[in-house]
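Worksheet: the structure to be examined is printed underneath.
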Amino acid sequence: MTTPALEVDGLVKRYGGRAVVDGVSLSVPTASVLALLGPNGAGKTTTVEVCEGFRQPDGGAVRVLGLAPKDPALRPRVGVMPQSGGAYPGLTAAEMLRLVASYARNPLDPADLLDRLALTDVARTSYRRLSGGQQQRLSLAMAVVGRPELVFLDEPTAGLDPQARRATWELVEALRADGVTVVLTTHLLDEAERLADQVVVVDAGHVVAAGTVAELTRGDGLRFTAAPGLDLSDLPGAAEEVPGRYVVAGAVTPQLYADVTAWAARRGVLAEDLRSRSLEDVFLELTGRELRA
Amino acid sequence: MTWSPGALAPAPGAAPTGQMLKAQTRAELTLMLRNGEQVLLTLVIPLGLLVVLTLIPFVHVPGDDRVGFFVPGVIALAVMSSAFTGQAIGVGFERQYGVLKRLGATPLPRSVLLLAKTLAVLAVELVQLALICVVGLLLGWDPHGSPLAVIALVVLGTAAFSGLGLLLGGTLRGLTTLAAANLLWFVLLVLGGVLFPLSQLGAAEPVLRLLPTAALSDGLREVLQAGHAVPVRDVLALAAWAVGGLALASRLFRWE
Ligand SMILES: Nc1ncnc2c1ncn2[C@@H]1O[C@H](COP(=O)(O)OP(=O)(O)OP(=O)(O)O)[C@@H](O)[C@H]1O
Ligand SMILES: [Mg+2]
């Protein structure tokens with residue numbers, strides 16, 4: 001068996017005695033995409049930054065491409081997109097990307113990369129004057145321009161418009177197709193559903209679920225949204241989870257879909273979004289529906 | 001726009017050191033020259049002071065060679081401005097913006113980054129020195145002494161000020177660095193034998209002469225104005241600042 005591109009085993013990181021990452025383990029095979037999900041403050045950035053060699057772990061073992069995270073030999077082999085910042089405000093987008101490209105022996109063509117990320121129009125704008133989404137896209141370009149084997153993307157699509165998000169997804173898919181391993185964090189469950197071979201949900205420093213999207217969303221019941229407070233007495237197994245969101249228990253079969261739509265038609269109910277369990281449902285079940293500190 | 005297969009295939013590797021050094025030095029220089037306050041600090045103020053102090057006799061200097069007194073002091077000021085103040089403020093903000101941290105995740109070695117910063121400072125100093133000499137000559141300056149001695153003093157002074165600048169910028173937050181670097185710049189300007197002879201401060205002179213700006217301006221004055229050899233005391237003072245500053249900076253410098 002080949003060694004995974006990234007292996008994290010029982011990672012612990014404490015701040016002021018509080019474990020903000022508490023026993024996280026993951027294993028990312030080469031040329032796959034792992035999405036790290038979790039509420040704000042769950043420990044995603046901390047985990048990623050330990051793997052990037054920026055922070056010293058307090059426990060556990062981390063191997064990046066078979067090496068210790070701080071090994072200088074990793075620098076050309078790993079691309080990093082931090083959650084924010086990381087560019088000279090006084091350089092233009094093109095200058096900044098060319099500078100990072102100049103550190104690499106076989107970089108991608110910076111002009112082409114700018115073009116693909118729709119940054120050509122602002123190539124001569126200084127970083128400090130780029131919009132938030134443009135800065136984000138430039139940061140993504142900086143992470144991949146050196147043709148790394150493994151990239152860490154901390155919330156790569158935060159603040160991006162739908163077109164830019166799509167371009168980012170295409171880039172991630174192309175990276176994987178070309179054999180690059182991608183570890184990304186995100187709050188967008190559809191993003192994880194679309195991109196990730198493997199999803200790891202962390203909450204308060206713990207892994208609360210891990211697996212493929214199919215594994216995580218497997219399970220019974222159909223869901224739909226409709227007007228709140230419907231009378232469900234003649235729809236067996238149905239319950240209103242939260243106002244306006246309904247679950248119908250039972251094995252997900254074509255027959256169950258037919259039963260639910262037939263009931264809705266009979267009752268004149270507009271049952272929208274009829275579907276089996278989504279990653280979002282799993283996420284909310286695991287991490288709760290309350291907003292936390 | 002789709003990616004053709006293989007377009008992103010891994011091909012990792014660090015560029016040759018020379019290429020990184022060249023690119024990084026160019027970036028550092030671009031950043032310095034694009035920063036209006038930096039240009040003001042490193043070029044406009046020293047040249048302005050040279051002209052004003054020489055032409056308007058509100059400061060009394062020994063003898064009647066006003067320009068001969070002020071050129072060495074202004075050179076010391078210029079070196080302090082770029083190697084210490086500019087460097088400290090630059091590094092402080094680069095840390096705050098997460099640039100240095102991110103560069104730490106690229107193949108650029110720390111040593112090449114620091115070397116590039118040094119080369120950029122030296123290049124700016126070359127421009128400063130050239131302009132100061134031209135303006136000085138226009139004001140009737142008559143330089144003496146060995147150019148090699150001047151170069152040696154400037155290089156030693158650059159090392160001393162760079163160490164202190166990196167120490168400040170590498171340990172404090174961006175805005176704190178900005179305030180501290182500007183304050184120190186002003187204090188060292190006033191007490192550095194740039195604006196007036198330190199002998200006017202009486203008993204404090206021997207102590208103040210150990211300050212880096214004073215040691216540099218005094219050393220340069222001994223050479224350029226009097227044609228003497230480089231004073232050992234000034235060399236020792238600058239060397240002590242350089243060793244102390246660089247040693248402390250390398251221990252305490254934080255990249256984030
Ligand atoms: N340097 C630090 N000092 C003290 N506490 C820290 C530090 N870095 C992170 N923390 C704490 O660790 C916890 C996890 O932070 P982290 O940035 O890893 O979360 P995250 O999952 O990336 O969140 P988000 O989705 O908001 O980016 C938070 O409670 C945070 O306050
Ligand atoms: Mg984060």
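Going through (1) more than 16 Å from ligand 1 (Cβ to nearest atom); (2) among the charged types (D, E, K, R); (3) open to solvent by less than 30 Å² (accessible area, probe 1.4 Å) one by one, A:Asp109 falls short only on (3). Looking at the structure I just gave you, is A:Leu175 over 27 Å from A:Gly159 (Cα atoms), outside any strand (DSSP E or B) and either modelled with pLDDT of 90 or more or within 16 Å of ligand 1 (Cβ to nearest atom) (or both)? Against the criterion (over 27 Å from A:Gly159 (Cα atoms), outside any strand (DSSP E or B) and either modelled with pLDDT of 90 or more or within 16 Å of ligand 1 (Cβ to nearest atom) (or both)), A:Leu175 does not qualify. Is it the case that the stretch A:67-84 has a residue that's of a type outside the set (Gly, Ala, Ser) and within 12 Å of ligand 1 (Cβ to nearest atom)? Yes, there is a match, as at least one residue in the stretch A:67-84 is of a type outside the set (Gly, Ala, Ser) and within 12 Å of ligand 1 (Cβ to nearest atom).
Just one of (1) within 30 Å of A:Leu138 (Cα to Cα); (2) of a type outside the set (Ser, Thr, Tyr); (3) touching a helix residue (DSSP H, G or I) at 6+ places or on another chain (Cβ under 6 Å); (4) outside any helix (DSSP H, G or I) fails for A:Val208. It is (1).
Taking the criterion of being charged (D, E, K, R), open to solvent by 10 Å² or more (accessible area, probe 1.4 Å) and under 21 Å from A:Leu6 (Cβ atoms), the residues of the stretch A:173-191 that qualify are A:Glu173, A:Arg176, A:Asp178. Kindly indicate whether A:Val64 is within 16 Å of ligand 2 (Cβ to nearest atom), modelled with pLDDT of 95 or more and aliphatic (A, V, I, L, M). Here the answer is no, as A:Val64 does not meet what is asked. How about the stretch A:143-169: which of its residues are under 14 Å from the mean Cα position of the chain (by Cα) and more than 16 Å from ligand 1 (Cβ to nearest atom)? Once the filter is applied, which keeps residues that are under 14 Å from the mean Cα position of the chain (by Cα) and more than 16 Å from ligand 1 (Cβ to nearest atom), the stretch A:143-169 yields A:Val151, A:Arg165, A:Arg166, A:Thr168, A:Trp169. Return yes or no: is B:Leu129 aliphatic (A, V, I, L, M), away from every other protein chain (no Cβ under 14 Å) and within 30 Å of A:Lys70 (Cα to Cα)? Here the answer is no, as B:Leu129 does not meet what is asked. Scanning the stretch A:221-264 for residues that are surrounded by 12 or more Cβ atoms within 10 Å (Cβ to Cβ), among the acidic types (Asp, Glu) and modelled with pLDDT of 90 or more yields a count of 2. Annotation: of all residues in the stretch A:41-57 being touching a residue at least 24 places away in the same chain (Cβ under 8 Å) and open to solvent by 30 Å² or more (accessible area, probe 1.4 Å), the one that is farthest from ligand 2 (Cβ to nearest atom) is A:Pro57.
Among the residues making up the stretch A:1-11, those that are open to solvent by 20 Å² or more (accessible area, probe 1.4 Å) and either in contact with a Gly (Cβ under 8 Å, 6 or more places away or on another chain) or within 9 Å of ligand 1 (Cβ to nearest atom) (or both) are A:Thr3, A:Asp9, A:Gly10. Taking (1) touching a residue at least 40 places away in the same chain (Cβ under 8 Å); (2) within 12 Å of the chain's Cα centre (by Cα); (3) within 16 Å of ligand 2 (Cβ to nearest atom) in turn, A:Leu140 satisfies each apart from (2). Might you let me know whether the stretch B:26-36 holds any residue that is over 30 Å from A:Asp115 (Cβ atoms) and without any contact (Cβ under 8 Å) to a residue 40 or more places away in the chain? Within the stretch B:26-36, one or more residues are over 30 Å from A:Asp115 (Cβ atoms) and without any contact (Cβ under 8 Å) to a residue 40 or more places away in the chain. Exactly one residue among B:Thr171, B:Thr177 is in contact (Cβ under 8 Å) with a residue 40 or more places away in the chain, open to solvent by less than 10 Å² (accessible area, probe 1.4 Å) and touching a Phe, Trp or Tyr at 6+ places or on another chain (Cβ under 9 Å), and that residue is B:Thr177.
Please find, within the stretch A:67-81, the residue that is nearest to A:Gln56 (Cα to Cα) out of those that are open to solvent by 20 Å² or more (accessible area, probe 1.4 Å) and either within 7 Å of chain B (Cβ to nearest Cβ) or hydrophobic (A, V, I, L, M, F, W, C) (or both). Per the criteria, the residue is A:Ala68.
The residues of the stretch A:85-94 that are at the interface with chain B (Cβ under 7 Å from one of its Cβ atoms) and either free of Cβ contacts under 8 Å to residues at least 12 places away in the same chain or open to solvent by less than 10 Å² (accessible area, probe 1.4 Å) (or both), listed by number, are A:Gly85, A:Gly86, A:Ala87, A:Tyr88, A:Leu91.
When A:Glu155, A:Glu170 are checked against the criterion of being touching a residue at least 60 places away in the same chain (Cβ under 8 Å) and open to solvent by 10 Å² or more (accessible area, probe 1.4 Å), A:Glu155 stands alone in meeting it.
Within the group B:Pro57, B:Pro62, B:Pro5, which residue is open to solvent by 50 Å² or more (accessible area, probe 1.4 Å) and facing another protein chain (nearest Cβ under 7 Å)? The unique qualifying residue is B:Pro5. Of everything listed in (1) assigned to a loop (DSSP other than H, G, I, E, B); (2) free of Cβ contacts under 8 Å to residues at least 24 places away in the same chain, the single unmet condition for A:Glu241 is (1). When residues in the stretch A:21-57 are screened for being over 17 Å from A:Val80 (Cα atoms) and away from ligand 1 (no atom under 13 Å from the Cβ), 5 of them pass.
The values are calculated or read from the model by the stated rules, or taken from the named source; none is laboratory data. None of the values given here were measured: they were computed from a predicted structure. Neighbour counts are summed over all protein chains in view; Cβ atoms, including those assigned to glycine, are modelled from backbone coordinates with ideal geometry. Remember, those area values only see protein heavy atoms, side chains included, never the ligands or the DNA or RNA. Shrake-Rupley method; radii C 1.70, N 1.55, O 1.52, S 1.80 Å.
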